[in-house]
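Comments concern the structure below.
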Amino acid sequence: MAGRLSMVNTASFENSRYALAKKIPILDRTLSKGHAEVGISAFAFLFSEMLQYSQKRVNGIQDLERKLADFGYRVGIRALELITWRDKGGKRETRVLNVLYFVHSVMWKSLFGKQADSLEKSTDNEDEYMISDNDPVVTRYISVPREYSSLNCGAFIAGIVEAVLDGSQFPARVSAHSNPMEGYPGRTTLVIKFDKSVMEREKDAEPKR
Amino acid sequence: MIFSIYIINKAGGLVFNKDYSGSLERLSNNEYLVLAGTLHGIHAITARISPVPGSSGLELLETDTFKLHCFQTLTGTKFILITDPNQTSSDTIMRRIYEIYSDFVMKNPFTNPDMPIRAELFEANLLRFVRLINGAAG
């Protein structure tokens, strides 16, 4: 565009360059406007650097997972705000199942471009739920070496989910576990354990029969 | 038919090697390292002795029994691809291998650029691709 204009006259060329430089700063843009997409390579390289950065500053695998979860928490707390505003018109969820469904579909779709692959309730514990993704974008290109076999980089997603639940007043502990299935070697399951207060409130919220 | 793939780092060290055909003669680990170093040297020499200034180094070595393709990336990593003499579209194959390498080695935070490549996903994806090519040929 700028190139073609310059052939016509220099003044408008200068103008269009000026316009490009004055592109609306990110903070002044409207919040509700669509979903911008990020190249997966750009993200993969950034995430890879994040991991390498964290690795130099931790002792052991658990520490590393905690740090990744911390990074995720910072993303999640902001993402919740934005997603509730964009997709839910500012309404928040009040029931456990609804908030889980929000994470599983709305949030996942907004962050990763698709819904999570499953949402299950633990058979052993009342307060435990599982969300699984067959091929998480975050770990798509990461091969975890054998000496780190218990590490799951999905800890980052766990941090995001924890922040979203925390921010929605559903305090919970979220952990990521590798759960490979045939055809999906990278399948990751997030185990969500809700706080006691949440389960008590949920009981009170149930309609009386 | 793809026989082997080697990856040589910019210092001439072998960081990855894999044979995909059972009919090849087995080399010892040391021999692979020597072979990699030799190819690295030949590549540098061929670039120098070329009568045309500014030539790149060795790209293709053809023999009766195999073809050896060499591709050097901008950062000096070399990919060596050994195929059957009738293998076609080797350039496309090479590009695809480079792509797999970029995805599963360069984007893997546990990769050390100067150390041998140990990435399960890289090997798995490479194997899948080679099987696709070799399956079509045989």
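The values are calculated or read from the model by the stated rules, or taken from the named source; none is laboratory data. What you see is a predicted model, and the numbers here were worked out from it, not measured in a lab. So basically every Cβ, Gly included, is an ideal-geometry build from the backbone, and we count neighbours across all protein chains shown.
When B:L68 is evaluated against the numbered criteria (1) of a type in the set (A, V, I, L, M); (2) touching a strand residue (DSSP E or B) at 6+ places or on another chain (Cβ under 6 Å); (3) assigned to a helix (DSSP H, G or I), which criterion, by number, is the only one it fails?
(3)
Could you figure out which of (1) within 27 Å of B:P113 (Cβ to Cβ); (2) exposed (fewer than 14 other Cβ atoms within 10 Å of the Cβ) isn't true of B:I7?
(2)
If A:A158 satisfies all but one of (1) surrounded by fewer than 23 Cβ atoms within 10 Å (Cβ to Cβ); (2) at pLDDT 95 or above, what's the number of the condition it fails?
Of (1) surrounded by fewer than 23 Cβ atoms within 10 Å (Cβ to Cβ); (2) at pLDDT 95 or above, only one is false for A:A158: (1).
Report yes if some residue within the range A:200-209 is part of a loop (DSSP other than H, G, I, E, B) and in contact (Cβ under 8 Å) with a residue 60 or more places away in the chain; otherwise report no. Steps first, please.
First, the residues of the range A:200-209 that are part of a loop (DSSP other than H, G, I, E, B): A:206-209.
Checking which are in contact (Cβ under 8 Å) with a residue 60 or more places away in the chain leaves us with none.
Among the residues of the range A:200-209, not one is part of a loop (DSSP other than H, G, I, E, B) and in contact (Cβ under 8 Å) with a residue 60 or more places away in the chain, which makes the answer no.
Filter the range A:127-147 down to residues that are assigned to a helix (DSSP H, G or I) and either touching a helix residue (DSSP H, G or I) at 6+ places or on another chain (Cβ under 6 Å) or within 18 Å of A:L190 (Cα to Cα) (or both) and give me whichever is nearest to the other protein chains (Cβ to nearest Cβ).
Step one: of the range A:127-147, the residues assigned to a helix (DSSP H, G or I) are A:137-139, A:146-147.
With the extra rule that they be either touching a helix residue (DSSP H, G or I) at 6+ places or on another chain (Cβ under 6 Å) or within 18 Å of A:L190 (Cα to Cα) (or both), the set shrinks to A:137-139.
Working: A:V137: 12, A:V138: 11, A:T139: 10 Å.
Within the range A:127-147, the match that is nearest to the other protein chains (Cβ to nearest Cβ) is A:T139.
Can you find a residue that is within 16 Å of A:I192 (Cβ to Cβ), touching a Lys or Arg at 6+ places or on another chain (Cβ under 9 Å) and among the hydroxyl-bearing types (S, T, Y) anywhere in the range A:113-128?
Within the range A:113-128, one or more residues are within 16 Å of A:I192 (Cβ to Cβ), touching a Lys or Arg at 6+ places or on another chain (Cβ under 9 Å) and among the hydroxyl-bearing types (S, T, Y).
From the list A:V103, A:V96, which residue is over 30 Å from B:F122 (Cβ atoms), surrounded by 22 or more Cβ atoms within 10 Å (Cβ to Cβ) and not basic (K, R)? First the steps, then the outcome.
Numbers: A:V96 fails: surrounded by 22 or more Cβ atoms within 10 Å (Cβ to Cβ).
Testing whether each residue is over 30 Å from B:F122 (Cβ atoms), surrounded by 22 or more Cβ atoms within 10 Å (Cβ to Cβ) and not basic (K, R) leaves just A:V103.
Within the range B:112-130, is there a residue that is part of a loop (DSSP other than H, G, I, E, B) and within 9 Å of chain A (Cβ to nearest Cβ)?
Yes.
Looking only at the range A:30-70, which residues are hydrophobic (A, V, I, L, M, F, W, C), part of a helix (DSSP H, G or I) and more than 13 Å from chain B (Cβ to nearest Cβ)? Steps first, answer last, please.
Start the filter on the range A:30-70 by keeping residues that are hydrophobic (A, V, I, L, M, F, W, C), which leaves A:31, A:36, A:38, A:40, A:42-47, A:50-51, A:58, A:61, A:64, A:68-69.
Now drop any that are not part of a helix (DSSP H, G or I), which leaves A:40, A:42-47, A:50-51, A:61, A:64, A:68-69.
Residue satisfying the conditions is A:A69 alone.
Could you say which residue among B:T73, B:T83, B:T77 is closer than 30 Å to A:C153 by Cα and buried (at least 17 other Cβ atoms within 10 Å of the Cβ)? Give the steps one after another, and end with the answer.
Numbers: B:T73 fails: buried (at least 17 other Cβ atoms within 10 Å of the Cβ); B:T83 fails: closer than 30 Å to A:C153 by Cα.
On inspection, the qualifying residue turns out to be B:T77.
Across the range A:85-97, what is the total count of residues that are more than 16 Å from A:E126 (Cα to Cα) and in a helix (DSSP H, G or I)?
Of the residues in the range A:85-97, the ones more than 16 Å from A:E126 (Cα to Cα) are A:85-94.
Subsequent filtering for residues that are in a helix (DSSP H, G or I) retains A:85-87.
Number satisfying all stated conditions: 3.
Take B:K78 and tell me if it is more than 14 Å from every other protein chain (Cβ to nearest Cβ), among the basic types (K, R) and closer than 24 Å to B:A11 by Cα. Can you show your working first?
Numbers: more than 14 Å from every other protein chain (Cβ to nearest Cβ): yes; among the basic types (K, R): yes; closer than 24 Å to B:A11 by Cα: yes.
Yes: the conditions hold for B:K78.
Does A:F156 count as among the aromatic types (F, W, Y) and more than 14 Å from chain B (Cβ to nearest Cβ)?
Details: among the aromatic types (F, W, Y): yes; more than 14 Å from chain B (Cβ to nearest Cβ): no.
Against the criterion (among the aromatic types (F, W, Y) and more than 14 Å from chain B (Cβ to nearest Cβ)), A:F156 does not qualify.
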